[in-house]
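Worksheet: the structure to be examined is printed underneath.
The values are calculated or read from the model by the stated rules, or taken from the named source; none is laboratory data. Please read these numbers as outputs of a predicted model, since none were measured by experiment. With ideal geometry, Cβ positions are generated from the backbone for all residues, glycine too; neighbour counts draw on all protein chains shown. Each accessible area value is taken on the protein alone, full model and side chains, heavy atoms only, with ligands, DNA and RNA left out. Shrake-Rupley method; radii C 1.70, N 1.55, O 1.52, S 1.80 Å.
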There are 2 protein chains.
Amino acid sequence: MTRAPYLHVRFQPSGSRRRVSADDIVRTLVAEAAAGHLPPGSRLPPVRALEHELGISKNTVQAAYDELCARGVLVSRERDGVFVADGPGRREMARAGAAEAGPPAPKTPPAARLREIPLRQNRPPTGDALRLDMVFVDPDLLPRERIAECFRSVLHVPGLHRFYDAQGYAPLREAIARRLRARGMDVVADDVVTTTGSQQALDAVCRALATRRVACENPVYPYATALFRSLGAELVGLRLDPFEPLPLEEWGRVLAAARPELFYTITSFHNPTGRSCSSHELTGILALASDLDFALLEDDWGSDMLSQGEYRPSLRAFGGRNVLYANSFTKKLLPSLRIGFVAGDERSVPAIIAAKRVATLGNPTLIEAALAELLERGYYDTHLTAMQQALDARYTRCLELLDERMPAGVRWTTPGGGPLLWLEVPRSVDLDALAARLAERQVVVAPTPLAFQGEPHLHGLPLGYAFLDSERLARALEILGAELGRALGSAAAGALA
Amino acid sequence: MTRAPYLHVRFQPSGSRRRVSADDIVRTLVAEAAAGHLPPGSRLPPVRALEHELGISKNTVQAAYDELCARGVLVSRERDGVFVADGPGRREMARAGAAEAGPPAPKTPPAARLREIPLRQNRPPTGDALRLDMVFVDPDLLPRERIAECFRSVLHVPGLHRFYDAQGYAPLREAIARRLRARGMDVVADDVVTTTGSQQALDAVCRALATRRVACENPVYPYATALFRSLGAELVGLRLDPFEPLPLEEWGRVLAAARPELFYTITSFHNPTGRSCSSHELTGILALASDLDFALLEDDWGSDMLSQGEYRPSLRAFGGRNVLYANSFTKKLLPSLRIGFVAGDERSVPAIIAAKRVATLGNPTLIEAALAELLERGYYDTHLTAMQQALDARYTRCLELLDERMPAGVRWTTPGGGPLLWLEVPRSVDLDALAARLAERQVVVAPTPLAFQGEPHLHGLPLGYAFLDSERLARALEILGAELGRALGSAAAGALA
C-alpha cells in the first residue's frame, strides 16, 4: 500500500485563474529550489498525485516536469519517480541565489511539559496472587456468552452503527430510565447521558460546573478527587467515619464556610469504606443542600450488587430530579464494556451532553446497542440473580472468616452489598510494611492514602470480597490474620521493650 | 426482581462487640423513631436483608422485630413485611420525646449551576437532504460486514474482555505503530495511547499540560478550541489563509509574544480549510518550536483518505519522537467505532495515560480488539483502496462541478484528499442567509464562525465532498451555484441601487 514518501509542495494558480498551469508548477519549483526548500535527492509528487490534487490533466504536470528536467532542476528515474537534482542541476539553483550547502536538517521540537496526575494504577490481575484489593467481581461470575450473543445479534441490524448519538444510544437510555423508575427515581430516557464508565459521568458534570468547587467525603474514591483536581477544582473534604453516624452538624459548618457548588457523594457502599447512609442521613444531606445551596451528584456504583435484588434508597429517589445520579455497568458486567451513565433533568442534561461531546464527541454505539439488547432480553436480571447468590455467599463467608481470623482490636464495616468493606486496624500496625509482607506471601492489599484529604483519620484498608472464590478468600484472610497478629505482637513487644 | 423500597437504618454493635445483637437493633430503632427519623407506615428492612448485611442469625433479627412489635413501635403485615407503627405505637415514640407531627418531607436540593460549552451540534443525517456539511464518508462506502466478521471472531477469544488496559489494547497499539513506521515515523507500541476518537487524544494531552497555553491555527476545528477552552486553556490564534503560504514570520512574532506551551496543528487536510502544509512549511514550524520552546501536537485526521494510498509528510516524521501525533479511525471506518490514538514517547506517555485514566479509566476492549483484527487481516487496507477510488472520483468530479457551477469571484482550495475543501465567496454574500435559502432547497451547508478566533478573516464555508455520491453532489453544487449567483446578483443590484 504505502510508497516512499515524497515532498509536499503547495501550488497556487497565478492571477485570477482557477487551475494551476504548467507554468505555475515550473515557477513554484524553481523558486522553492532557489530558496533551499527542496533538499537534493528528495522525491517530487508523482504525476498522478498532482493531477488528482490539483484537478488538472496529467499532460500539464508532465510538461512542467519535463521542462524542469531539461533545466536540470529535477531528474527523472525510471520507475522510481522524479527527484530534486543533486549534481549539475544545482548550478541553476545556485544562480538563482540558493546557498551551496543544502537546507538545514529539520529541528527537533521541545518535549511537551506534562505533569502526571498522581494515581495508583489499577494492576490487572496476574498470576496466582490472592487479590484482596480488587473492587471487581470475579470474572468467572460474568455472563460472557450472553454478551457475545447480544453482540452477534446487534451486528445484524443494518445501519445501526453508522453514526453515534452524543447523548447515548436511545434504546439503552430508555432501558436505563425504566430500571431507575422501578427504584423510585423520577427519570426518563431524555434525562440519561451514557458515559465511558461512571468516571466520564463525573468528568462531564465537573467540567460543566459554573464554578468548580466540589465537596466530597473524606476519604473517598481517589480517582474522583484526582479527576476533580485535574480539572482545577477546589475540594472540600467532609470527614466520614464508617463506624459512626454522619457528623451532619460538622458537615454543615464546613459546607457553610466553604460554599461548594456541588457535593459528590457515594451514599451506598461508599468507596473505600463500604458505608451506606441511613434513610435519615439521606434526608439530612438533602436538607443541607437545600439550606446551603449546593447541588448533589450521587454515585451509586455499588447498586445491583446487593443481596437478593434489594436496593438501598437514594438521594435521587428522596430528593427528586435536581439530584444528578451516576452509575455504571462496569462492576456487574464485563469491566471492559465501560458503560456508565448520569441522570439529570431537562436543565442539566444539555450542559452535560456538551461537556461529554467536547471530551469524546460520543461513545461507541455498538457496545451501547449490545447492552440495550442484554437488558431488553432480561439477561442482565437473570445474571444479577445468579451472581448475587454467589456474592452473598462470599460476603457471608467473609464475615465469618474475619470473625475467626482477625486479632483483637481489628474492626470492619458490614456493607451488606457492593464489592468491598473497610478493615480498621490498630494504629500500631504499619500499613505499608503489612502490605509488603503480605505481597511476599502472594496476598495483595492496597492501603489507600490517596483516598484521604490530609492526614488519614482512619487506619486501615479496603477489602474486596467479590473477586476471590470462598476457598481463596479463606486462604487470603488466614494469611492476613496471621500477619496482622504478628504485626500487633511485635508492636506490643516493641512497646514493652 | 425489584421490591418495594424500605428504609435503610444503620446498626452498630455496642461496646467492643463485633456483631450487632437483638438488643442493639431494638435500642437503635426506638431511638430513631423517637428522633422522628422513621416516618409512620414506612417499611423496615426484611429479616433476611438484615441477617445478610449484619452477618447475624435470622433469629436475632426476628427476636428484635418481635419485641418492637410487642412494644407497638413496629407492626408486622403478613407477606408485606414489617412497618413503622402508625397508630397506638406512636405513643411509645411520643413518650420517648418525638414530635406528634411526622418528620418533614425531604427537601429538594438546588439544581446544579452548569454552563453549556458553545458548540455547533453535529446533526445526524436525516431524510433526503443534500448534506454538504458532513466531514464523514458516505456510509455506503464503509466495510460493515468485514467489521461484523471481526467482532464475531474476537467474541470467541476467551478471557479477552474481562479487563482493560488503560493505555489501550496492546495488539492494536502494535498494529498502529507498525502503520506509522511505514510512514516514516519513529513509533513503537509503547508510544501509543488509544482514545475515544482523536477528541480524547486532544483532551488527554491538554489536561496533562503543565501550563495550559495552547496555540492553534485560526480558523481551526472548533471542537478542539471548545475543548481546550473548557479545560481553562488560554488560546493563541495563528492566522491561516488556505490560499497563501503560511505567514511563518508573523507566527513567530505572535508565538514569541504569547509563549504557548503547545501548538495544536492540523498539518494536512486542515479542518475546516482543507489546506496542507508543504514540506518546507513543516520544517519552518519545527524551527519555530525549537527556537521558541513549545511542544507540538499534530492532528493528522485526514490521512488514509488520500488518493491512491499516498500520504503527506508529517511533523512527527520530520521532527522526531518529541512530536505528539494524534489520529483516528473515525472518518475512514464506521464513525460509531470511536477509536483514535495519540503517539508520544517514553517521557510523555505516562502523563497522557494518567490523564486518560482520570477521564475514563480506560476504553472498551472489545472494540479495540475487533479493530486490531481488522488491521491484522488486511481488511482495512483493502477497504482503503476501494474507498479511495470512490473518494478520488468524487473529489475530481467536485472540482469539475465547481468549475462549471460557481459564479465568478468564488474560489476553493484543492486539498487532494481528506473529506472537505474550503469555498471562499465574495464578502457581499450573507453566509447565514445563503445557508437558510439552501436549506429551503434541501441543501445543507454550515458556516463555521466558531472555527475562528475573533472576526473571521475568511468569508466562506467548508464543503464536504465525501458524503454524497456524484449524482447527489452534482445536484447540491448546482443549487449552491445558483443560489450564490442569485446572492451575488442581488448584492450587485443593491450596490447599483
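A few points about this structure:
- Subset of the range A:306-333 (residues that are among the aliphatic types (A, V, I, L, M) and surrounded by fewer than 24 Cβ atoms within 10 Å (Cβ to Cβ)): A:Ala317
- Test result for A:Asp381, closer than 20 Å to A:Asp304 by Cα and in contact with a Ser or Thr (Cβ under 8 Å, 6 or more places away or on another chain): no
- Taking the criterion of being among the aliphatic types (A, V, I, L, M) and more than 25 Å from B:Thr194 (Cβ to Cβ), the residues of the range B:352-404 that qualify are B:Ala386, B:Ala390, B:Leu391, B:Ala393, B:Leu399, B:Leu401, B:Leu402.
- If the condition is being among the basic types (Lys, Arg) and facing chain A (nearest Cβ under 7 Å), then the range B:201-218 contributes only B:Arg207.
- Residue among B:Val205, B:Val254, B:Val188 that alone is under 16 Å from B:Glu298 (Cα atoms) and of a type in the set (A, V, I, L, M): B:Val205
- Failed criterion for B:Ala466 (all others in (1) farther than 29 Å from B:Asp304 by Cα; (2) part of a loop (DSSP other than H, G, I, E, B) hold): (1)
- Residues that are among the hydrophobic types (A, V, I, L, M, F, W, C) and under 15 Å from B:Gly274 (Cβ atoms), drawn from the range B:391-409: B:Leu391, B:Cys398, B:Leu399, B:Leu402
- Pairing residues of the range A:3-31 that are within 24 Å of B:Ser268 (Cβ to Cβ) with residues that are open to solvent by 60 Å² or more (accessible area, probe 1.4 Å) and not β-branched (Val, Ile, Thr), at Cβ distances under 6 Å and at least 6 apart in sequence or on separate chains, gives A:Pro13/A:Arg19.
- Filtered residue count, the range A:44-73, keeping only those that are open to solvent by less than 30 Å² (accessible area, probe 1.4 Å), over 52 Å from the mean Cα position of the chain (by Cα) and hydrophobic (A, V, I, L, M, F, W, C): 3
- The range A:217-228, subset farther than 23 Å from A:Gly416 by Cβ and free of Cβ contacts under 8 Å to residues at least 60 places away in the same chain, residue surrounded by the fewest Cβ atoms within 10 Å (Cβ to Cβ): A:Phe228
- Selection status of A:Leu480, touching a strand residue (DSSP E or B) at 6+ places or on another chain (Cβ under 9 Å) and either at pLDDT 95 or above or not in a loop (DSSP other than H, G, I, E, B) (or both): yes
- If the condition is being in contact with a Phe, Trp or Tyr (Cβ under 7 Å, 6 or more places away or on another chain) and not in a loop (DSSP other than H, G, I, E, B), then the range B:267-284 contributes B:Leu282, B:Thr283.
- Test: residue in the range B:372-379 that is free of Cβ contacts under 8 Å to residues at least 12 places away in the same chain, within 10 Å of chain A (Cβ to nearest Cβ) and within 30 Å of B:Ala148 (Cβ to Cβ): yes
- Taking the listed residues A:Pro106, A:Pro158, A:Pro110, A:Pro124, the one that is open to solvent by 50 Å² or more (accessible area, probe 1.4 Å), at pLDDT 70 or above, within 11 Å of another protein chain (Cβ to nearest Cβ) and in a loop (DSSP other than H, G, I, E, B) is A:Pro106, with no other qualifying.
- Some residue of the range B:408-423 being within 11 Å of chain A (Cβ to nearest Cβ), among the aliphatic types (A, V, I, L, M) and open to solvent by 10 Å² or more (accessible area, probe 1.4 Å): yes
- Count of residues meeting criterion [outside any helix (DSSP H, G or I), open to solvent by 10 Å² or more (accessible area, probe 1.4 Å) and touching a residue at least 24 places away in the same chain (Cβ under 8 Å)] in the range B:237-266: 8
- Test: residue in the range A:199-209 that is open to solvent by 10 Å² or more (accessible area, probe 1.4 Å) and part of a helix (DSSP H, G or I): no
- Screening B:Gly41 on (1) closer than 29 Å to A:Arg397 by Cα; (2) open to solvent by 20 Å² or more (accessible area, probe 1.4 Å); (3) within 14 Å of chain A (Cβ to nearest Cβ) shows it passes everything except condition (1).
- For the range B:267-290, filtered to residues that are facing chain A (nearest Cβ under 8 Å) and open to solvent by 20 Å² or more (accessible area, probe 1.4 Å), the residue that is nearest to B:Phe318 (Cα to Cα) is B:Thr283.
- Answer from A:Pro415, A:Pro407, A:Pro456 - the residue that is outside the structural domain of A:Ala326 (by TED's automatic domain parsing), assigned to a loop (DSSP other than H, G, I, E, B) and in contact with a Ser or Thr (Cβ under 7 Å, 6 or more places away or on another chain): A:Pro415
- Residues that are in contact with a Gly (Cβ under 9 Å, 6 or more places away or on another chain), among the charged types (D, E, K, R) and crowded, with 20+ Cβ neighbours inside 10 Å occur in the range A:362-375; there is at least one.
- Complete set of residues in the range A:47-79 that are in contact with a strand residue (DSSP E or B) (Cβ under 7 Å, 6 or more places away or on another chain) and at pLDDT 90 or above: A:Tyr65, A:Leu68, A:Cys69, A:Leu74, A:Val75, A:Ser76
- Some residue of the range B:24-35 being within 8 Å of chain A (Cβ to nearest Cβ), under 22 Å from B:Pro106 (Cβ atoms) and open to solvent by less than 40 Å² (accessible area, probe 1.4 Å): no
- Among the candidates A:Arg179, A:Arg144, residue that is under 25 Å from the mean Cα position of the chain (by Cα), at pLDDT 85 or above, at the interface with another protein chain (Cβ under 10 Å from one of its Cβ atoms) and under 23 Å from A:Gln389 (Cβ atoms): A:Arg179
- Filter result (modelled with pLDDT under 95 and within 17 Å of B:Leu262 (Cβ to Cβ)) within the range B:294-304: B:Asp300
- Here the range A:161-174 is the region considered, the condition is being more than 11 Å from chain B (Cβ to nearest Cβ) and surrounded by fewer than 20 Cβ atoms within 10 Å (Cβ to Cβ), and the residue that is modelled with the highest pLDDT is A:Glu174.
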